Amino acid sequence: TTVTGAAYVTGVALTTNGGIASSGTTSLTGAAYLDGTNALTGATTASGGFTSSGVTSITGALTTDSTVAMTAAVTVSGNLAASGVTSITGALTADSTVALTGVVTASGGMTSSGVTSITGALTTDSTVAMTAAVTVSGNLAASGVTSITGALTADSTVALTGVVTAS
C-alpha cells in the first residue's frame, strides 16, 4: 500500500500484510496492524494502537494514546509520544522528543538524542543511549550498556546491571 497524500482510516482496524508507505499526514483512529516495511514521512496519529512486525520508519511525529507494539527496528526522526503500553522488540532510534507515559519495554535497545520523558516503568535488556535529558518517574531497569550524556532524573527504582556511563 502506497499513499502519497494524506491517509485517514477512522472507523475500523487497518491490516496490511505488505507494509504501508505514506508521504503525507497519516491518521489512524482504529487499531493498525502492519507486518511489512512501513515508511511514514508525515505526522502520524494512531489513536487506536499501533502494531508493527516489520521495519518501521517515521520521519514526522508519531502520536498514539493506545498500545504500541513494534517487533522490528523502529526509527523515529520526529517526536514519539505514547500514552499507552509501549513494547519494542527491535531497536528504537529517536532523534527528537520521546514522551512515554505507560509501561515501556525495549528489548532491542533504545537510542534517543532528544529529550526523553518516561512516566511508567522502562525495561530494556540491550543498549540504552540517551544524549539529552532523561526523566523517568517509574522504574528504570537496564541489563545492557547504558550511556546517558544529558541529565538523568528518576524518582523510583533504578537498576542497571551492565556498563553504565553518565557524562
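A few points about this structure:
- For the chain, the relative contact order works out to 11 percent when only alpha carbon pairs closer than 8 Å and six or more residues apart are counted.
- The phi-based Karplus calculation (6.51 cos²θ - 1.76 cosθ + 1.60; θ = phi - 60°) puts the 3J(HN,Hα) values of region 71-88 at 9, 10, 4, 10, 10, 10, 8, x, 6, 10, 10, 9, 9, x, 5, 10, 10, 10 Hz, whole numbers, x for Gly and Pro.
- With the convex hull of the Cα atoms taken as the outline of the chain, the averaged projected area works out to 7.7 nm².
- Accessible-area composition of the chain, carbon plus sulfur, in percent [1.4 Å probe]: 57
- Spin-label pair Val145-Asp35: with each label point 7 Å from Cα along the Cα-Cβ axis, the two points sit 3.4 nm from one another.
- Taking amide H positions as modeled 1.01 Å from N, with prolines and chain starts lacking one, the residues under 5 Å from Val115 and 5 or more places away or on another chain are Thr97, Val98.
- Spin-label model, Thr135 to Ser117: label points 7 Å out along the Cα-to-beta-carbon direction sit 0.5 nm apart.
- Residue-span extension gain [Thr16 to Ala166] - 0.36 nm each, minus C-alpha spacing: 49.9 nm
- Sequence-ordered 3J(HN,Hα) estimates for region 22-31 from the Karplus curve with 6.51, -1.76 and 1.60 and θ = phi - 60° stand at 9, 9, x, 5, 10, 10, 10, 8, x, 5 Hz, glycine and proline given as x.
- The length gained on full extension between Val158 and Ser96, counted as 0.36 nm times the residue separation minus their Cα-Cα distance, comes to 20.0 nm.
- For Ala166, residues with placed amide H under 5 Å, excluding near neighbours: Ile148
- Other-chain or far-sequence residues with amide H under 5 Å of Ala106's (modelled H): Ile88, Thr123, Thr124, Asp125
- Residue-normalised accessible area of the chain, given per residue in Å² at a 1.4 Å probe: 41
- Cα shape, region 51-134, gyration tensor, a/c 1.5 rule: rounded
The values are calculated or read from the model by the stated rules, or taken from the named source; none is laboratory data. The model shown is predicted, which means the values in this text are computed figures rather than measured ones. Glycine gets a Cβ as well: all are built from the backbone with ideal geometry, and neighbour counts include every protein chain shown. The accessibility values were calculated without ligands, DNA or RNA, using every heavy atom of the protein model including side chains. Shrake-Rupley method; radii C 1.70, N 1.55, O 1.52, S 1.80 Å.
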